[in-house]
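Participant: Have a look at this one.
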Amino acid sequence: MTWHDLTDPNDAELDGLAEKYHLHPLHIEDCRHQNQRAKFETGADYLFIVLKPAHIDEKGELSITDLDIFLGRDYLITVQEGACPALRANLNQLRQTAGQTRGDQLFYKILDATVDAYEPVLDWYANAIDEIEDKVLETPVPETVERIFSLKRGLIEMRRILTNMRDLANQMQRLESDYIQRELWPFLRDVYDHLARDVESVEMQRDLLAGAMDIYLSSVANRTNQVMKVLTVLGTIALPSIVVSGFYGMNTKALPFADTPHGTWVAVSLMVALTVGLLVMLKKFDWF
Amino acid sequence: MTWHDLTDPNDAELDGLAEKYHLHPLHIEDCRHQNQRAKFETGADYLFIVLKPAHIDEKGELSITDLDIFLGRDYLITVQEGACPALRANLNQLRQTAGQTRGDQLFYKILDATVDAYEPVLDWYANAIDEIEDKVLETPVPETVERIFSLKRGLIEMRRILTNMRDLANQMQRLESDYIQRELWPFLRDVYDHLARDVESVEMQRDLLAGAMDIYLSSVANRTNQVMKVLTVLGTIALPSIVVSGFYGMNTKALPFADTPHGTWVAVSLMVALTVGLLVMLKKFDWF
Amino acid sequence: MTWHDLTDPNDAELDGLAEKYHLHPLHIEDCRHQNQRAKFETGADYLFIVLKPAHIDEKGELSITDLDIFLGRDYLITVQEGACPALRANLNQLRQTAGQTRGDQLFYKILDATVDAYEPVLDWYANAIDEIEDKVLETPVPETVERIFSLKRGLIEMRRILTNMRDLANQMQRLESDYIQRELWPFLRDVYDHLARDVESVEMQRDLLAGAMDIYLSSVANRTNQVMKVLTVLGTIALPSIVVSGFYGMNTKALPFADTPHGTWVAVSLMVALTVGLLVMLKKFDWF
Amino acid sequence: MTWHDLTDPNDAELDGLAEKYHLHPLHIEDCRHQNQRAKFETGADYLFIVLKPAHIDEKGELSITDLDIFLGRDYLITVQEGACPALRANLNQLRQTAGQTRGDQLFYKILDATVDAYEPVLDWYANAIDEIEDKVLETPVPETVERIFSLKRGLIEMRRILTNMRDLANQMQRLESDYIQRELWPFLRDVYDHLARDVESVEMQRDLLAGAMDIYLSSVANRTNQVMKVLTVLGTIALPSIVVSGFYGMNTKALPFADTPHGTWVAVSLMVALTVGLLVMLKKFDWF
Amino acid sequence: MTWHDLTDPNDAELDGLAEKYHLHPLHIEDCRHQNQRAKFETGADYLFIVLKPAHIDEKGELSITDLDIFLGRDYLITVQEGACPALRANLNQLRQTAGQTRGDQLFYKILDATVDAYEPVLDWYANAIDEIEDKVLETPVPETVERIFSLKRGLIEMRRILTNMRDLANQMQRLESDYIQRELWPFLRDVYDHLARDVESVEMQRDLLAGAMDIYLSSVANRTNQVMKVLTVLGTIALPSIVVSGFYGMNTKALPFADTPHGTWVAVSLMVALTVGLLVMLKKFDWF
């Protein structure tokens, strides 16, 4: 069994292999155009499989690449479009023992490594969402909304590739084919189970993000409410004083008590009494 | 019939049993990794089943564990990952009569016990939601939102395991297999019915929670509205007085009535008249 | 054909019948536990059917009960769990002519009576929603929200039992069975049609309720908007007067026109002019 | 081929026909109860079809009626429950050439006329939604919400009957039956295509209506925001003047500059300076 | 192989071709009525296919047209209803080599060209959404909402035609037919993959648009909140001064400190102290 491990789809070697193994031109074309869907197709005398490795790059952004695989009777060709460091490390390790392994076993190991590499991505999202949930109630700033939607964007992408990968694994776990031996079926089913769990977990994370957005909106509404209350309490405290002092500021005759020595105290008492009265009233309506 | 009841998946005994009964390495691996989906698989000469017991722990949090079962011709192996006290008690009781029971009957009883243990969990959620619904209209505080979303999180989890368990029961109720006798089918169908009811009830609880969130938001909006009204009424009462007293506070000549002995009463009458006029107007627009 | 019409599932008579007709213990258990799903099951030599009668009780609350039916070759057993007055009346009437009727015909009549009894329930909801829609725009009080959600809760319940009943009718309308004659099929299909219509109508009512909630929220938002406008208009009217009278209230020298006999009128003219100016401006921005 | 065209389901003629052609009592009952679902059923020796004509009545309200059809080997019976003027005109025209036409062809023409009559209804909704979308941004009044929900109600109804009609057409386009000749299949398929397009278009209109509601809510929120800004700007302009004139209105000694001849101008300069300062600040925060 | 490339469906040539090749009148009718769904139908001795080309016109609006194709044994008829410039250019180019090409190959090339022409449309939407997302947080003006909903309208349309096209390609990729050779299947499958990816991408764009609307609403809510805070802070600064100066403006006897030479400074100190106190309090409640 020979393994041709190409890291550049535009490598001329691919053309040579295409000729040697009679690879379909459409499949070669697929190798050279990124953004294929995860799928497998039966070629003339080989299986063509597209996997979708994913990782979080240094900028904290989701990066999704293509890994194209030709699985023939006595050869395996992998074409990696774009870099996925974790998977690369894994492939390099597999290469050392590739000679002794059967082609379909090797394919399973590559598939398994690709699926295992989703784990850190999902964990990264779980952490990011936990952080968001904490922030969203304490300090609901607009940047949080931006963050929520960038996470949402990523999860939409993840769900897309995971469901496609799951469907692929589902079809392969019962695939009657010359290139995959029956003994491998339970292992492929295991991969399917793993992906099904991942899909469920992404769905849950999307629900949680939607929840975080709702919390955000309710937080903002609540704060507006709080601000209004403060404003109203301020008004409640100040207005009686302003009204009373306005009254005693009038240049009319015979302001009651104004000319007595205790006029000022009468006015102040009136202010305090009215203010306290209003506050008691607000208290009754359950405001503090 | 022998029942091997392991409570620790890392127990070396499991390895011994794996060798003795030719258990598939993938199944042993499943036993040692939590968070499997509820499923059943047909092994070489046994059935492998993963159940998902659930309970509410002392902190009031949903705890979901795995219960792995190997059902062979003359043996039953159960591997419990993580503790579920209610189920444990039940299993201990079953153990005392296990010797006389057939393997598939014992399996049914364990399945039934697992499903029965969902009941208190669902009741706990029903109560929690009832409490929330009461609180949400009277005192809509942000903590309520947090509570709603933690409950929502739990219900999403519950729905996930219940639907998987239901699908498992659905497949098993018609399973032509050497390990489960036909006579057991109506009983498995009964379990299926039970789980289908549980799924429906979780769906309903999710709808109710979504409703509680809507009530919360409408409550906050309403309160803001109330606060605004109070502020406006305060303004309505105070502004005429301020305007009139401002007028009579001016240091200009010939303020009308200002120099007559009844100037003050003229001013006060004006204030009262304007305020009452405004309040009557607001009343007309249906504000009280 | 004998009809055993039990109104108490704990009646010892049921045990007697169970023994006589070899009823499955699980079915007897179902009879004694409320809250089964609508379903039918094929027993050893009978059909076991669970129907879900519903009515609105005197408190205006939805009450859903169970009606369990055993349909054998020459007997019919009905077990009513919980009271449903309308259905009871109907059953009593059927009893008078039961002797001459065939078992499956009688079953159909009971099924038909159960389905007919949904009609007043759905009408009750239609009326309640119409009332809500009227109220929600005129007087959006928090009680309306409570009412909307209690109605929603009921409709969720109704949809649940109606879809289960519909699926039951769908399966029975083509059931090859010894206990139901072919001639009855069009009648069962008619029941199915009726239930399908009911499900559609509940779906529509749920849509309308969701709409009512949206109207409510938009109403509250609108009212807040109105209140704000009133407050702003009040401010617009009062502020110029306050500013001007404040100005002329200053104890500084040389207030323009203050010492002329027409000072007061200058000030008042200024107030009126500024206020009118502001109101014209607001008018331009389309506020009245 | 004879065509019995009844416009009153309670006509005694229908009973006569029922007897003559052995029509099933359930079908006669269906003819006499409005609000059936669109469906077709195979009778003893005829097809029974329920169509759902729709039109917008003079009050601008959606009116949905029933058109029941019995298609036998050499006769056609149509029973119209409720009036649909456009369809009636069409049927009258068909009657003039009915004699020469085959029964299934005539049936197709009636079906086609019924489906064509949906077109003006959908156009009416498209126009109504266009109008709403224009109004909703300019003048978001509560009546708009009422209008949106009455349109929504109509579209829910339309979708219900259109999907039922589509399913009916889908089943009939491949119906092996004595009453419909194969040659008619492409024509029925054409009707199916038409209905499928109509369903898609109703779905789209519902999406647009939901969008209009969102625009409405965002419009109201925006206006509240605008009102608040105006209020704040008013406050910004007035408050410095009030504070300064209050200061100079105090009856204390040694008010700075108060006794100089330029005191008034000092005060006014202070007012203007503070107001401009505040407005500049608000400008910086991007308010105009 | 002859290719009849009609650009006007009302061309009399079509009638001639219809007669010559026995085209079904319904298909000719479809050619002359726009707004068909993407579909294919098997005619007497040809395939009839409707494709849906799309492009963004100069006004920046989505324009969807119909391309009807008759694929016979030795001829191909294309009828273009409405203009799609990009596709036209492509068809003109294909025409130059049409003579040597087989009919089904030519059909594939036309299908491929139609699908490739979706790419710039989807890119245009992706760009428009990116722009919206940037604007929505910075300057949430009502025009943005209008723009969001016009984009949404377009995406709803695009999804509709893309899903129909995808279903068409899905059915054709396994079509046993005299008019399409097996060798073409992988190519049709490639088109299917392409369309499936396009559908997924439109779904994602719809999710992103919905997100943009949520961001908009949260932005408006946030701004209202900001405005309220500014208003409250203004009130906080001004009210103490107004109250204190009102107090010292009263015409009562014995105002404390009023007659001392430092009265003014006492008053000002009081104002400043109260204002600072209130600001400190607001600060504590986390407002800046």
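Participant: Working only within the range D:5-41, note down all residues that are part of a loop (DSSP other than H, G, I, E, B), touching a strand residue (DSSP E or B) at 6+ places or on another chain (Cβ under 8 Å) and under 22 Å from C:Val199 (Cβ atoms).
Facilitator: Selection gives D:Gln34, D:Asn35, D:Gln36, D:Arg37, D:Ala38.
Participant: Taking the condition touching a Leu at 6+ places or on another chain (Cβ under 6 Å) and either surrounded by fewer than 13 Cβ atoms within 10 Å (Cβ to Cβ) or over 30 Å from B:Ser150 (Cβ atoms) (or both), does B:Leu47 pass?
Facilitator: yes
Participant: Which condition number does C:Asp68 fail, the rest of (1) open to solvent by less than 50 Å² (accessible area, probe 1.4 Å); (2) out of contact with any Cys (no Cβ under 7 Å at 6 or more places or on another chain) being met?
Facilitator: The one condition C:Asp68 does not meet is (2).
Participant: Of all residues being closer than 26 Å to B:Ile156 by Cα and more than 7 Å from chain B (Cβ to nearest Cβ) in the range A:217-236, which is surrounded by the most Cβ atoms within 10 Å (Cβ to Cβ)? Just the residue, please.
Facilitator: A:Val220
Participant: For the range E:6-31, give me each residue that is crowded, with 16+ Cβ neighbours inside 10 Å and under 33 Å from the mean Cα position of the chain (by Cα).
Facilitator: E:Leu6, E:Pro9, E:His27, E:Ile28, E:Asp30, E:Cys31
Participant: Pull up the range C:173-203, narrow it to residues that are more than 7 Å from every other protein chain (Cβ to nearest Cβ) and either of a type in the set (Ser, Thr, Tyr) or under 24 Å from D:Leu209 (Cβ atoms) (or both), then point me to the one that is surrounded by the fewest Cβ atoms within 10 Å (Cβ to Cβ).
Facilitator: C:Ser177
Participant: Report yes if some residue within the range B:205-215 is of a type outside the set (Val, Ile, Thr) and within 26 Å of C:Met228 (Cβ to Cβ); otherwise report no. I'd like the intermediate steps shown before the answer.
Facilitator: Pass one, the range B:205-215, residues of a type outside the set (Val, Ile, Thr): B:205-214.
Right, trim to within 26 Å of C:Met228 (Cβ to Cβ) and you get B:213-214.
Among the residues of the range B:205-215, at least one is of a type outside the set (Val, Ile, Thr) and within 26 Å of C:Met228 (Cβ to Cβ), which makes the answer yes.
Participant: Another one. E:Leu151 - would you say it is in contact (Cβ under 8 Å) with a residue 12 or more places away in the chain and either open to solvent by less than 10 Å² (accessible area, probe 1.4 Å) or of a type in the set (Lys, Arg) (or both)?
Facilitator: On the way: in contact (Cβ under 8 Å) with a residue 12 or more places away in the chain: yes; either open to solvent by less than 10 Å² (accessible area, probe 1.4 Å) or of a type in the set (Lys, Arg) (or both): yes.
Against the criterion (in contact (Cβ under 8 Å) with a residue 12 or more places away in the chain and either open to solvent by less than 10 Å² (accessible area, probe 1.4 Å) or of a type in the set (Lys, Arg) (or both)), E:Leu151 qualifies.
Participant: Kindly list, by first and then second residue, each pair from a residue in the range B:1-16 that is of a type in the set (Ser, Thr, Tyr) to a residue that is outside any loop (DSSP other than H, G, I, E, B), limited to pairs with Cβ atoms under 6 Å and residues at least 6 apart or on different chains.
Facilitator: Within 6 Å, the pairs are B:Thr2/B:Tyr75; B:Thr7/B:Gln80.
Participant: Which residues, taken from the range B:270-288, are under 29 Å from C:Glu138 (Cβ atoms), within 11 Å of chain C (Cβ to nearest Cβ) and open to solvent by 50 Å² or more (accessible area, probe 1.4 Å)? It would help to see each step written out before you state the result.
Facilitator: Looking only at the range B:270-288, we keep the residues that are under 29 Å from C:Glu138 (Cβ atoms), and these are B:275-288.
In the following step, the residues that additionally are within 11 Å of chain C (Cβ to nearest Cβ) were identified as B:278, B:281-282, B:285-287.
The answer is B:Met281, B:Phe285, B:Asp286.
Participant: Still on this structure, please answer the following. For E:Arg206, indicate whether it is at pLDDT 85 or above, under 30 Å from A:Val141 (Cα atoms) and either more than 7 Å from chain D (Cβ to nearest Cβ) or open to solvent by less than 30 Å² (accessible area, probe 1.4 Å) (or both). Steps first, please.
Facilitator: Values: at pLDDT 85 or above: yes; under 30 Å from A:Val141 (Cα atoms): yes; either more than 7 Å from chain D (Cβ to nearest Cβ) or open to solvent by less than 30 Å² (accessible area, probe 1.4 Å) (or both): yes.
In short, yes.
Participant: Further question on the same structure: Which condition number does B:Ala267 fail, the rest of (1) closer than 30 Å to A:Asn251 by Cα; (2) more than 10 Å from chain C (Cβ to nearest Cβ); (3) surrounded by fewer than 21 Cβ atoms within 10 Å (Cβ to Cβ); (4) aliphatic (A, V, I, L, M) being met?
Facilitator: Of (1) closer than 30 Å to A:Asn251 by Cα; (2) more than 10 Å from chain C (Cβ to nearest Cβ); (3) surrounded by fewer than 21 Cβ atoms within 10 Å (Cβ to Cβ); (4) aliphatic (A, V, I, L, M), only one is false for B:Ala267: (3).
Participant: Among A:Val121, A:Val79, which is open to solvent by less than 60 Å² (accessible area, probe 1.4 Å), farther than 28 Å from A:His22 by Cβ and among the aliphatic types (A, V, I, L, M)?
Facilitator: On the way: A:Val79 fails: farther than 28 Å from A:His22 by Cβ.
Exactly one of A:Val121, A:Val79 is open to solvent by less than 60 Å² (accessible area, probe 1.4 Å), farther than 28 Å from A:His22 by Cβ and among the aliphatic types (A, V, I, L, M), namely A:Val121.
Participant: Every residue in the range E:6-29 that is under 10 Å from E:Glu81 (Cβ atoms) and not aliphatic (A, V, I, L, M), please.
Facilitator: Kept after step one, since they are under 10 Å from E:Glu81 (Cβ atoms), are these residues of the range E:6-29: E:6-10.
Residues satisfying the conditions are E:Thr7, E:Asp8, E:Pro9, E:Asn10.
Participant: Look at B:Asp214 and say whether it is open to solvent by 50 Å² or more (accessible area, probe 1.4 Å) and facing another protein chain (nearest Cβ under 7 Å). Reasoning before the result, please.
Facilitator: On the way: open to solvent by 50 Å² or more (accessible area, probe 1.4 Å): yes; facing another protein chain (nearest Cβ under 7 Å): yes.
In short, yes.
Participant: Give just the number: which of (1) over 30 Å from D:Leu111 (Cα atoms); (2) over 23 Å from the mean Cα position of the chain (by Cα) does D:Tyr179 not satisfy?
Facilitator: The single condition D:Tyr179 does not satisfy is (1).
Participant: Would you check if A:Thr252 is open to solvent by less than 50 Å² (accessible area, probe 1.4 Å), in a helix (DSSP H, G or I) and within 7 Å of another protein chain (Cβ to nearest Cβ)? Show your work before the answer.
Facilitator: On the way: open to solvent by less than 50 Å² (accessible area, probe 1.4 Å): yes; in a helix (DSSP H, G or I): no; within 7 Å of another protein chain (Cβ to nearest Cβ): yes.
Here the answer is no, as A:Thr252 does not meet what is asked.
Participant: Where residues in the range A:21-51 are facing chain E (nearest Cβ under 8 Å) and touching a residue at least 60 places away in the same chain (Cβ under 8 Å), which of them is farthest from A:Lys109 (Cα to Cα)?
Facilitator: This residue is A:Arg37.
Participant: Please enumerate the residues belonging to the range A:149-162 that are among the small types (Gly, Ala, Ser) and away from chain E (no Cβ under 12 Å).
Facilitator: Restricting attention to the range A:149-162, the residues satisfying the condition of being among the small types (Gly, Ala, Ser) are A:150, A:154.
If the condition is that a residue be among the small types (Gly, Ala, Ser) and away from chain E (no Cβ under 12 Å), then no residue fits.
Participant: Looking at the structure I just gave you, is C:Phe48 at pLDDT 95 or above and among the aromatic types (Phe, Trp, Tyr)? Give the steps one after another, and end with the answer.
Facilitator: On the way: at pLDDT 95 or above: yes; among the aromatic types (Phe, Trp, Tyr): yes.
It is true that C:Phe48 is at pLDDT 95 or above and among the aromatic types (Phe, Trp, Tyr).
Participant: Filter the range D:87-112 for residues that are free of Cβ contacts under 8 Å to residues at least 60 places away in the same chain, buried (at least 20 other Cβ atoms within 10 Å of the Cβ) and more than 22 Å from the chain's Cα centre (by Cα) and give the result.
Facilitator: Listed by number, the list holds a single entry, D:Ile110.
Participant: Select from the range D:124-148 the residues that are in contact with a Ser or Thr (Cβ under 7 Å, 6 or more places away or on another chain) and either without any contact (Cβ under 8 Å) to a residue 24 or more places away in the chain or open to solvent by 40 Å² or more (accessible area, probe 1.4 Å) (or both) and write down the one among them that is farthest from the other protein chains (Cβ to nearest Cβ). Even if it seems obvious, please write down each step before you answer.
Facilitator: Step one: list which residues in the range D:124-148 are in contact with a Ser or Thr (Cβ under 7 Å, 6 or more places away or on another chain), which gives D:132, D:135-137, D:140, D:142, D:145.
Imposing the further condition that a residue be either without any contact (Cβ under 8 Å) to a residue 24 or more places away in the chain or open to solvent by 40 Å² or more (accessible area, probe 1.4 Å) (or both) reduces the set to D:135, D:142.
Numbers: D:Lys135: 13, D:Pro142: 6 Å.
Step by step, filter the range D:124-148, then rank; the result is D:Lys135.
Participant: Can you report the number of residues in the range D:32-44 which are polar (S, T, N, Q) and either within 18 Å of D:Tyr75 (Cα to Cα) or surrounded by 17 or more Cβ atoms within 10 Å (Cβ to Cβ) (or both)?
Facilitator: Of all residues in the range D:32-44, those polar (S, T, N, Q) come to D:34-36, D:42.
Next, from what is left, pick out any that are either within 18 Å of D:Tyr75 (Cα to Cα) or surrounded by 17 or more Cβ atoms within 10 Å (Cβ to Cβ) (or both): D:36, D:42.
Going through the range D:32-44 one residue at a time, the tally reaches 2.
The values are calculated or read from the model by the stated rules, or taken from the named source; none is laboratory data. As the structure is a prediction and not an experimental result, all values here were calculated from the model. In this analysis, Cβ positions are derived from the backbone assuming ideal geometry, glycine residues included, and neighbour counts consider all displayed protein chains. The area values use the complete protein model at the heavy-atom level, side chains included, leaving out ligands, DNA and RNA. Shrake-Rupley method; radii C 1.70, N 1.55, O 1.52, S 1.80 Å.
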